[in-house]
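Novice: Take a look at this one; I'll ask things after.
The values are calculated or read from the model by the stated rules, or taken from the named source; none is laboratory data. Predicted model, so just to flag it, every value in this text is computed and none were measured. Cβ: placed from backbone, ideal geometry, glycine included. Neighbour counts: every protein chain shown.
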Amino acid sequence: AGFLEEAKSMIEEMPMEPDSIIWGSLLAACKVHRNITLAEYVAEKLLEVEASNSGPYVLLSNMYAELGQWGDVMNVRKLMRKER
């Protein structure tokens with residue numbers, strides 16, 4: 001069933017600081033399981049670790065598009081342009 005929340009908890013309880021690989025892996029799993037709520041949280045964490053990475057923006061935008069949430073697609077794209 002994905003166990004995404006369990007993975008998030010495990011990451012947050014790790015004795016070391018999670019890096020972009022760890023957060024990116026969870027973000028990809030969120031896309032596979034179509035969990036946009038967790039994807040938003042994970043993308044934020046990923047951008048804290050690696051602010052110059054546009055990947056989280058692109059992935060979130062694509063997830064919103066798949067769900068037909070076009071307003072959210074536009075918001076993410078505006079954010080991405082602003083952060084450049």
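Novice: Kindly evaluate Leu38 against the criterion of being within 13 Å of Leu4 (Cβ to Cβ) and either surrounded by fewer than 11 Cβ atoms within 10 Å (Cβ to Cβ) or in contact with a Cys (Cβ under 6 Å, 6 or more places away or on another chain) (or both).
Specialist: On the way: within 13 Å of Leu4 (Cβ to Cβ): yes; either surrounded by fewer than 11 Cβ atoms within 10 Å (Cβ to Cβ) or in contact with a Cys (Cβ under 6 Å, 6 or more places away or on another chain) (or both): yes.
Yes.
Novice: Filter the range 25-40 down to the residues that are in a helix (DSSP H, G or I) and out of contact with any Pro (no Cβ under 8 Å at 6 or more places or on another chain) and list them by number. Steps first, please.
Specialist: Taking the range 25-40 and keeping what is in a helix (DSSP H, G or I), we get 25-32, 36-40.
Answer for the range 25-40, where residues must be in a helix (DSSP H, G or I) and out of contact with any Pro (no Cβ under 8 Å at 6 or more places or on another chain): Ser25, Leu26, Ala28, Ala29, Cys30, Lys31, Val32, Ile36, Thr37, Leu38, Ala39, Glu40.
Novice: For the range 67-84, does any single residue satisfy the condition of being charged (D, E, K, R), modelled with pLDDT of 95 or more and either in contact with a strand residue (DSSP E or B) (Cβ under 7 Å, 6 or more places away or on another chain) or assigned to a helix (DSSP H, G or I) (or both)? Please lay out each step first, then the result.
Specialist: Kept after step one, since they are charged (D, E, K, R), are these residues of the range 67-84: 72, 77-78, 81-84.
If we keep only those that are modelled with pLDDT of 95 or more too, we end up with 72.
Then keep just the ones that are either in contact with a strand residue (DSSP E or B) (Cβ under 7 Å, 6 or more places away or on another chain) or assigned to a helix (DSSP H, G or I) (or both); that gives 72.
Yes; the residues of the range 67-84 include at least one that is charged (D, E, K, R), modelled with pLDDT of 95 or more and either in contact with a strand residue (DSSP E or B) (Cβ under 7 Å, 6 or more places away or on another chain) or assigned to a helix (DSSP H, G or I) (or both).
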